[in-house]
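This report refers to the structure that appears directly beneath it.
Please treat every number below as a calculation from the coordinates, not as lab data. A quick note: this is a predicted structure, and the numbers were derived from the prediction, not measured. Quick reminder, even Gly has a Cβ in these numbers, built from the backbone with ideal geometry, and neighbours come from all protein chains shown.
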Amino acid sequence: MKKDNVSKTGSVDAVYSGIKKILEEARSTAYRAVNFAMVQAYWNVGRLIVEEEQKGKQKAEYGKHLIKELSIRLTKDYGKGFTERNLWYTRNFYLIFPKVNALRAELTWTHYRLLLSVENENARNFYLNEAAETGWSTRQLERHINSFYYERLLSSKDKKPVVDEADRNALPAKPEDLIKDPYVLEFLDLKENKLLLEKELETGLLGKLQEFLLELGKGFSFVSRQYRISAGNDHFYIDLVFYNYILKCFLLIDLKIGKLTHKDIGQMDFYVRYFEGNIKAAGDNPTIGMILCSEKNETIVKYSVLNENKQMFASRYKLYLPTEEELAKELRHEIELIRGENKLR
């Protein structure tokens, strides 16, 4: 390379580095701003709830009624980020952190939700300051709380190894994490990109299965695809959710490309239990969980239903659900079609 070309390349590199620094700083600022705006908003939501509760004569009962009604209205207008559970979080957030000017802009709503679980005030303040100043991610904060890092630090004569262990692999939150945080997406009323959550084959199969069940004409009503449920700070996605108005129950479907595992069965059991405890209405029949598993040319279909009288309900839903043979045939047929189409590309 000629000398003048080397000089030009060096100049371009310098300009690129400068622009990169500007953009990264701007994205980091935007990341912190949107997160702190959300934290402040939830603090104020909690403040209004507590102030309204204090006007009521029967605080406990009125508080439950208030949060239930607010959840119904807010969910209708602003989406599923305002469940009763999340509103209780905002209430407790205000009670535990009564001064808004004491909130740390470096921390997200998920950080604060974790801190709410720490009953010891000294420990909670320690975790808050360490997470903000050291740049702990929510996963790191959760790990330190669960491993009693504060208590171990107090009881250790030689504190350096404990601190070194905590600081190891401690990376600050990245601006890119913004687009992955469901709470931020809900707060900004942005839609999750479902395509990022599915493999190409699974995407095609789920679409076909959705059509297949609706075309059966046995009372199926489509509810959602990649239905997200949250347990604490973990988020899970159910591939397909239907409601059958003849059976009066939800049908949950999870598709597995590969061999069925105990983990898959346990996960479906969790989905069903979640719907039983949080989603289904009074008078609904037990939720049905269906796992479709395809390994090469072998298709396995598993049903799961939580109910004391399983046999009686099982005999009813068999009249309206497709048989295992029908599902297996449809699944194998669509897999062959999709793989055939991919070969032609």
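Between Glu325 and Ala30, the C-beta separation translates, for a Förster distance of 51 Å, into a calculated FRET efficiency of about 0.40. Note on Asn125/Asn278: beta-carbon distance plugged into 1/(1 + (r/R0)^6) with R0 of 45 Å gives a FRET efficiency of 0.85.
The share of Cα pairs per 10 Å bin across segment 59-126, counted from zero up to the longest distance, runs 18, 44, 31, 7 percent. Taking other C-beta atoms within 10 angstrom as a stand-in for reagent exposure, Tyr271, Tyr245 fall in the order Tyr245, Tyr271, fewest first.
If the segment from Phe222 to Glu133 were pulled out straight at 0.36 nm per residue, it would be longer than the present Cα-Cα gap by 27.4 nm. Judged by the mean number of other Cβ atoms found within 10 Å, the most tightly packed of the peptides 134-140, 325-331 leads the ranking 134-140, 325-331.
May I ask you to compute the full-extension gain from Lys64 to Lys80, defined as 0.36 nm times their residue separation minus their alpha-carbon distance, rounded to one decimal in nm? Don't skip to the answer; put the middle values down first.
Values: separation 16, 0.36 × 16 = 5.76 nm, distance 1.84 nm.
Contour length minus the Cα-Cα distance gives 3.9 nm.
As a proxy for reagent exposure, ranking Met268, Met290 by other Cβ atoms within 10 Å from fewest up yields Met268, Met290. The ranking of Ser71, Ser28, Ser11 from fewest to most other beta carbons within 10 Å of each one's beta carbon is Ser11, Ser28, Ser71.
Among residues other than Phe93 with Cβ under 11 Å from its Cβ, the summed charge is +3 (Lys and Arg +1, Asp and Glu -1).
Cross-linked pairs Lys218/Lys256; Lys80/Lys218; Lys20/Lys99; Lys68/Lys263; Lys76/Lys218; Lys20/Lys208: Cα-Cα separations exceed 32 Å for Lys20/Lys99; Lys68/Lys263; Lys20/Lys208. Between His235 and Tyr303, the distance separating the two model label sites (each 7 Å from Cα on the Cα→Cβ line) works out to 3.3 nm.
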